[in-house]
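Please read the structure below before turning to the comments.
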Ligand SMILES: [Zn+2]
């Protein structure tokens, strides 16, 4: 049917290298340099997808990142698939596969299209109104919504691409490589500043680079040839970096910006391999120059969304840049001179323009005269009242506008076309400016928002600053840039510029039709199917704030953030409510400016690089000996050591028995260790722990509990007095960093008078704990010279000693209730010491145990684990640990809070032990505890915090927090589970060896 | 992400620092003498101003020192930075 929509001689497209690609399963050809959109248009394909709500056929509207309709899924069913790709941005490459979204079974026949006929019952807020009630129906609604929604499919396979992050520091960042950006780059680079110029397109030059018109001249050259020369010149600067295919995603405070540099998306699969796909640039710029240009506005009229209806400037770009005619029978519909530029371009290339519909009464610009002289029919004071054609526009109807522009009159005229260009004026792209915190001001004359107050060292130039005419742009840019970059003389000072258009426009936000508004579909947000009617309905229903109207009608909430239609929404709200645009303000533009893949955001931090992994010096031994690991913060800790395919339960039972019956060994190197020195060290400990430290003798250890200022337990651990002014504190594995930070905070800000120095030494030492009735024998083999007698090394004491010429510390402290020794040795020797102990312990069946067994053993003794049995709502009193709270000390962190009326209540949740009626029933940690199963609603008294089957007691044991639990000893309670109720009894939390006989017991 | 001028190290990225809440709240010297209300005032009550706020910051990934910052919370502009124990400068 249509043979050739390619015009000859575009220098931006390599017409000698043909590229094949697939769209919806059919093979097509394009040329190197084409976007998917330009290649499809060259193949006479406009219908790309279906709209979100009504499933109306939609085509390509734009030639850039603002595209609302032409979004596709690429490389479907592969790991490389990506949804919501704008056909106007993706460059074609050999083998590209693209597919329409939001249609089923196909874009040509789409069942959801029935929504279009149902549209009278799908008004704004339909989902909010309908799917509210009854609540039990929500699941059904959700199914319906999810099924009919669907802008693309997310990939199901891990992303195989490589991404990275890069920091850039520059003097000047210029965003946008159009004529303004290029001027800025040249002035900045010439001034000797380190300059970075970014542009989202594959090439710089903006729209001027294809402005080959006799009406626009710079120094007597056409504007495109002048600019080509400028580009040649800036390419020579060594202090200027130009990054194309690079879009700014976010502009944060203090000139910190995020950009996505797209490196391989335009390459065929074999050339992409092993290359970084995208780079997230983290840019800190001393100064930022915004030259982001302007977006052409559509016009809002009845049925303004059919495939074949496009922005006039896009039609021009497809013709001038890509050498593609978007239609064979074109009509342009405009409120300003832009469409006349398009008409001239098309005319020059022999592409037929059937008519121009201009809503203005007259215009006398040279350019319009030229169009008229070329024989193109112009209908003035006229508007399109309707369009026809389902999958492609066929025809329009036109009527005369009344003088106030609010109604139409006269004869209806029909004109055939297969492409309608619409030109509604320009909207400065101020998105990044507002993201940075900039404040806008409304320009009544041009009906645009322009930058007014800059929050950082930045400036907007060119059309994003509201300057649209070539001469105005160049003269004003020169002046602004000289001041901003502190330049006294510039080569642009005496430049000669001529332009021919006349930017007078007639602004009508919503164009009238011969039909009443209720019978029209005048789209404002194409992607979300929000119409003028929806906005008026929202206003009638009482919505006033622009932010509320936006959410209710979903205007501007698509992946394009409503770049095209937001201004019309504002305009219609302003007109309807009588509030001035300037007072209405705009909605907030949030980052990212264009969608950003997750892969780019995470960069290299995937898989094993997702987070830092901390391993103990003995880690390799655990790995070799088949340990299963658990993560404790960033640490990898041995969890249990299964032998011969043992289950976790069996392994833990075996390890636990071995530790109590003979000897167990634990890698405790992850415990936090803080070295505390200074003449006030003991006074400092007095203030941070609940118990007293002044009288602790040198060589002794003491358990301490640390509170928050609110009286709640924060951390615990054993601290040892190494010398008069020297202590070593241990903290929980997970709490180490926070405890150090907290202690530093008090030391620096509350008690600067104290002479105390804190150093983290967690990684400096390997810590090995040997416990059990045979532990003493083993340690005496490992360190034969050390006197292990009760007099020399009693429980809670320490000795400096030497093992194989290496200095180490031996502490007699116990977290299991067994006789235990903890040896701290310089980390590098940790592994050899561990192996030596294993060797010495062989005859006693020394058994390595992991964190699970450690937890079980301490639970048998009723020892708490901060963070498991506590959750920042429990005081030491709640934990039945009154014995560790000094009554004599005047003050310590959290003391006052223990006497608040709330912390003194006796019905607080308190730590207790639980025994199940059936000794084999092991409770679930987190299970709720109740007293009365028949009560409604049932009252929850507390929950299980730790639960195990104890092999040493041969029954199930648990720790729990229960409201008023201290006074409930012996009381029977219930744990309701999904399929049964478990009977439990409250008991003392110490299950084993209440007399602490085992601490000294030996075999 | 803003830049903070650590009084000990100089200008660094915000990500190197931790915010520590409102500045110039002295821990009472004699907590036991305070009523529940007075203690609660110290413990829980913090200002959350849109505008000029006095804050504590810690150079947690740097010198580990605490210091004070005067920040306009409406636009993140830092008006002054000064050491612990010093009086806030006039702004
Ligand atoms: Zn510092």
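Each value in this text was obtained by applying a stated rule to the coordinates, not by laboratory testing. All values derive from a computational prediction rather than experimental measurement. Virtual Cβ from ideal backbone geometry, glycine too; neighbours counted across all protein chains shown.
Would you please classify the overall shape of segment A:46-107 from the alpha carbon gyration tensor, given that a ≥ b ≥ c denote the square roots of the eigenvalues, rounded means a/c under 1.5, and beyond that prolate means a/b larger than b/c while oblate covers the rest? Because a/c hits 1.5 or more and a/b fails to exceed b/c, segment A:46-107 counts as oblate. Computed over every Cα-Cα pair of segment A:518-579 and binned at 10 Å starting from 0, the pair-distance distribution P(r) comes out as 25, 61, 14, 0 percent. Run through all the Cα pairs of segment A:812-950 and give the fraction in each 5 Å bin from 0, expressed as whole percent. Pairs per bin, as whole percents: 2, 7, 12, 15, 15, 13, 12, 10, 7, 4, 2, 1, 0. Shape of segment A:940-993 from its Cα gyration tensor (a ≥ b ≥ c, root eigenvalues): rounded if a/c is under 1.5, otherwise prolate when a/b > b/c, or oblate? The shape class here is oblate.
Give me the tail of P(r) for segment A:285-384 as a percent: Cα-Cα pairs with distance above 23 Å. Summing the P(r) of segment A:285-384 above 23 Å gives 28 percent of all pairs. How large is log10 I(q)/I(0) at q = 0.09, 0.14, 0.19 Å⁻¹ when the Debye formula is applied to the Cα atoms of segment A:667-857, each weighted equally and without solvent? After summing over all Cα pairs, the log10 values are -0.33, -0.80, -1.38. For the peptide A:254-261, the mean number of other protein chain Cβ atoms found within 10 angstrom of a residue's Cβ is 2.
State the Kirkwood hydrodynamic radius of segment A:893-980 in Å, one decimal place, computed from all pairs of distinct Cα atoms.
Numbers: mean 1/r = 0.0700 Å⁻¹.
Computed over segment A:893-980, the radius equals 14.3 Å.
For segment A:1-108, the convex hull spanned by the alpha carbon atoms encloses 109 Å³ per residue.
Considering segment A:576-642 at the alpha-carbon level, its Rg and Dmax are found to be 25.3, 78 Å.
For a quick protection proxy, order the peptides A:340-346, A:222-228 by their average other-Cβ count within 10 Å, most packed first. Write out the running numbers ahead of the final one.
Details: A:340-346: 25.4, A:222-228: 19.4.
Per-residue Cβ counts within 10 Å, averaged per peptide and sorted highest first, yield A:340-346, A:222-228.
When only alpha carbons are used to place a centre, segment A:641-685 and segment A:705-784 end up 15 Å from one another.
From helices alone, chain A scores -6000 deg cm²/dmol at 222 nm; the rule is -39500 (n - 2.57) for each run of n ≥ 4 DSSP H residues, then divide by the residue total. Taking the average, over residues, of other Cβ atoms within 10 Å as the packing measure, peptides A:442-455, A:633-646 rank A:633-646, A:442-455 from highest down. Note that segment A:213-292 carries a Kirkwood radius of 15.8 Å, evaluated over its alpha carbons pair by pair. One equal scatterer on each Cα of segment A:327-472, no solvent, Debye formula: the resulting log10 I(q)/I(0) at q = 0.12, 0.15 Å⁻¹ is -0.63, -0.86. Averaged over the residues of peptide A:319-327, the number of Cβ atoms from other protein chains lying within 10 Å of each residue's Cβ is 0.
In a Debye calculation with equal point scatterers on the alpha-carbon sites of segment B:3-83 and no solvent, what is log10 I(q)/I(0) at q = 0.18, 0.21 Å⁻¹? Each listed q corresponds, in turn, to -0.78, -0.93.
Give me the inter-chain shielding for B:79-88: mean count of other chain Cβ atoms within 10 Å, whole number please. Write out the running numbers ahead of the final one.
Details: counts 0, 0, 0, 0, 1, 4, 3, 0, 0, 0.
Partner Cβ neighbours, averaged per residue: 1.
Here the ratio of the Cα radius of gyration of segment A:624-715 to 2.2 N^0.38 Å is 1.54.
For segment B:1-44, the direction-averaged projected area of the alpha-carbon convex hull comes to 4.5 nm².
Where Rh is the Kirkwood radius over the Cα pairs of chain A, the temperature 20 °C and the viscosity 1.002 mPa s, what D in µm²/s does Stokes-Einstein return? Walk me through the numbers on the way to the answer.
Values: Rh = 34.2 Å.
Rounded to a whole number, D works out at 63 µm²/s.
Taking the square roots of 5 times each eigenvalue of the Cα gyration tensor of segment A:782-849, largest first, gives ellipsoid semi-axes of 18, 16, 12 Å. Considering only Cα atoms, the convex hull volume of segment A:540-617 works out to 143 Å³ per residue.
How much of the DSSP bridge set in chain A is antiparallel, in percent, rounded to the nearest 5? Kindly include the intermediate steps, with their values, before the conclusion.
Values: 134 of 180 bridges.
The answer is about 75 percent antiparallel.
Pairwise Cα separations in segment A:561-704 fall into 5 Å bins from 0 onward with the following percentages, short to long: 2, 6, 9, 9, 8, 7, 9, 8, 7, 6, 5, 5, 6, 6, 5, 2, 1, 0. Could you tell me which of rounded, prolate or oblate describes segment A:166-207, using a ≥ b ≥ c as the square roots of the eigenvalues of the alpha-carbon gyration tensor, with rounded for a/c under 1.5 and, failing that, prolate when a/b is larger than b/c and oblate otherwise? Oblate. Once the Kirkwood radius over Cα pairs is known for segment A:840-917, the Stokes-Einstein relation at 37 °C and 0.692 mPa s delivers a diffusion coefficient of 211 µm²/s. Measuring from centroid to centroid over Cα atoms, what is the spacing of segment B:65-91 and segment A:44-81 in Å? Between the Cα centres of segment B:65-91 and segment A:44-81 lies a distance of 51 Å.
Enter the angle in degrees (range 0 to 90, nearest 10) between the Cα long axis of helix A:138-148 and the first principal axis of the Cα atoms of chain A, meaning the one along which they spread out most. In chain A, helix A:138-148 runs at an angle near 50 degrees to the longest axis. Ranked from largest, the principal axis spans of the Cα set of segment A:701-767 equal 32, 26, 21 Å.
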